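Worksheet: the structure to be examined is printed underneath.
Bear in mind that the values in this text are calculations on the coordinates, not laboratory data. Just so you know, these numbers come straight off a predicted model, no measurement behind them. Quick reminder, even Gly has a Cβ in these numbers, built from the backbone with ideal geometry, and neighbours come from all protein chains shown.
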Amino acid sequence: MKTPIHVKDHAVSGESFRLEYDERFHMYITSPKPSREALPSYYASEDYISHTDGKRSLFEKIYQVVKGITLSRKHKLLTSYLPAKGSLLDIGAGTGDFLEYVSKKGWDVSGVEPSEKARNLATQKNIQLTEALPEEKTTYDAITMWHVLEHVYDLNEQLIWLKNNLSREGVLFIAVPNFESYDASLYKTDWAAYDVPRHLYHFSRKAIQLLFEEQDMKVIDVHPMKFDAFYVSLLSEKYRSGKMNFLKAFLSGWRSNQKATKTGAYSSLIYVIKHKA
């Protein structure tokens, strides 16, 4: 049994949390888990970048440029598995950029985003988001969760919902950090992608495979998110030393990606998932 990892919330509260190892699924779970009522307070920061379109600092400007590049890559990935345009649900849609992009490509889009601030920004782009998942069963040709599964409050409940609401021939795209990456081993408890307690779950490739197998679904492909190694390393440098060392972060991100070319253990991975035949 692995000993718990003690990690600090560097971004908002300064509180300490434990990562408890789940041997069955080879993953970690954040403990203590904040109540549903308390959890939103841990997102209450102007620096929570996925809920803003901010360009106040060099870091935010770089983030927005990279976000623009990744939008086209996500769309290309989407159409490589689903060439015919159909219905798409983006869960944890943030400020709606991905939905805005694919809607202009002809997709019938809808999205879910708990943050009122982010939903309001999406509305300015003519993207209407709901606060919660629809209660009635609605099937989608594609469901996307870009760095969202690690945030959901009830993991099993979410997995069941995904199974029931993905069309029989539909495709699910799940992007999550990978605690087995080189940058995770380098920065250890300062690894920014632990991001406790906003990240309630911490996945490995094996974990994603096993979790979806329980839902009679299968991972058909895995793709790297190479930009994430640089972004996470930059934040990790800040957590470790108090300042963003761009050169050290770049070298750490580059090294992480280089090592992952042999191991497949990239900082973040996109899993392409379908129902079993």
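Looking at the stretch 5-275, send over the antiparallel percent of its DSSP beta bridges, to the nearest 5.
60 percent
Can you give the direction-averaged projected area of the convex hull of the alpha-carbon atoms in the stretch 151-242, in nm²? Present the calculation step by step, with values, prior to reporting the outcome.
On the way: hull surface 26.0 nm².
Hull-based average projected area comes out at 6.5 nm².
With a Förster radius of 45 Å, plug the Cβ-Cβ distance of Asp108 and Gln258 into 1/(1 + (r/R0)^6) and report the FRET value to the nearest 0.05. Could the numbers behind the result be given before it?
Working: r = 40 Å, r/R0 = 0.89.
After rounding, the FRET efficiency stands at 0.65.
Assuming 0.36 nm per residue, please report the length gained on full extension of the stretch Tyr81 to Glu15 beyond their Cα-Cα distance. Working shown, then result.
Values: separation 66, 0.36 × 66 = 23.76 nm, distance 4.19 nm.
This chain segment gains 19.6 nm when fully extended.
Just subtract the alpha-carbon distance of Asp22 and Lys117 from 0.36 nm times their residue separation and send over the number in nm, one decimal.
On the way: separation 95, 0.36 × 95 = 34.20 nm, distance 3.41 nm.
Additional length available on full extension: 30.8 nm.
Can you list the aspartates and glutamates whose alpha carbon is less than 19 Å from that of Lys76, not counting same-chain residues fewer than 8 positions off?
Asp90, Asp97, Glu100, Asp108, Asp141, Glu169, Asp221, Asp228
Checking the a/c ratio against 1.5 first, then a/b against b/c, what shape does the Cα gyration tensor give for the stretch 94-143? Please report the intermediate quantities before stating the final value.
Details: a/c = 2.50, a/b = 1.09, b/c = 2.29.
Verdict is oblate for the stretch 94-143.
For the pair Gln128 and Lys206, what calculated FRET efficiency results from E = 1/(1 + (r/R0)^6), where r is the Cβ-Cβ distance and R0 = 35 Å, to the nearest 0.05? Spell out each step's value before the answer.
Values: r = 38 Å, r/R0 = 1.08.
E between Lys206 and Gln128, to the nearest 0.05, is 0.40.
Taking a cut-off of 30 Å between Cα atoms, list the lysines near Lys243, but don't count ones fewer than 8 places away on the same chain.
Lys8, Lys33, Lys55, Lys61, Lys67, Lys117, Lys188, Lys226, Lys259
Only one of the values (i) 20.6; (ii) 19.2; (iii) 21.3 was calculated from this structure for Kirkwood radius over Cα pairs in Å; name its label.
(ii)
Calculate the spin-label point distance for Val222 paired with Ile29, positioning each point 7 Å from the Cα along the beta-carbon direction, and give it in nanometres.
Modelled inter-label distance: 2.2 nm.
Before anything else, pin down the relative contact order of the chain: Cα pairs under 8 Å, at least 6 apart, normalised by residue count, whole percent. The partial results should precede the final answer.
Details: 498 pairs, mean separation 51.3, N = 277.
Computed over the chain, the figure is 19 percent.
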